[in-house]
Amino acid sequence: MKICGQNIRKIRRDRDLTQEYMAFEMGISQKAYSDIENLKVKINLEILTKVSGILDIKPSDICSISHKCGTNDYEDKYNELREYMKQNNIALPPDFQ
């Protein structure tokens, strides 16, 4: 997440915007905004959406979630579901086998 705060700061500076301006647009104090850039608060979807809207960019331009895509979480869930269905005698759809 450190990268997200650094990206926000870089993009904001590239657009010649101040922390005060960003804070005003978000309806928060400059200190609260500074905490976002310095990752003293966790950047959630709401914050990411507000910041990207002010900067007129996509949220993914600030912070990518692609690192989470590399985990086999979906594959694990898929396998767990298949196993559950087999154990409970639930017919698997043809394309699910």
- prompt: Assuming a viscosity of 1.002 mPa s and a temperature of 20 °C, what translational diffusion coefficient in µm² per second does Stokes-Einstein assign to the stretch 4-61, Rh being the Kirkwood radius over Cα pairs?
  reply: 194
statement: With all protein chains present, the stretch 4-61 has a carbon and sulfur share of its accessible area (1.4 Å probe) in percent of 51
- prompt: Which value, in Å², gives the accessible area per residue of the chain when a 1.4 Å probe is used on the protein heavy atoms?
  reply: 73
- request: Kindly express, to the nearest 10 degrees and within the range 0 to 90, the angle between helix 2-14's C-alpha long axis and the longest C-alpha principal axis of the chain.
  value: 40
- prompt: Using only helices, what value at 222 nm comes out for the chain when you add -39,500 (n - 2.57) per DSSP H run of length 4 or more and divide by the total residues, to the nearest 500 deg cm²/dmol?
  reply: -18500 deg cm²/dmol
statement: Taking Cα atoms, the helix 45-55 axis meets the longest principal axis of the chain at an angle in degrees (rounded to 10) of 50
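Grab the Cα-Cα distance for K10 and Y84, subtract it from 0.36 nm times how many residues apart they are, and report the gain in nm with one decimal. Intermediate results must be reported in sequence, preceding the final value.
Details: separation 74, 0.36 × 74 = 26.64 nm, distance 4.77 nm.
Taking K10 through Y84 to full extension adds about 21.9 nm, to one decimal.
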message: Number of Lys pairs in the chain with C-alpha atoms less than 24 angstrom apart, excluding same-chain neighbours closer than eight positions?
response: 27
Computed lengthening from K77 to I54, 0.36 nm per intervening residue step minus Cα-Cα distance: 4.6 nm
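The values are calculated or read from the model by the stated rules, or taken from the named source; none is laboratory data. For clarity, every value in this text was computed on a predicted model and none was experimentally measured. Just so you know, the surface numbers come from the protein's heavy atoms only, side chains and all, with ligands and any DNA or RNA stripped out. Shrake-Rupley method; radii C 1.70, N 1.55, O 1.52, S 1.80 Å.
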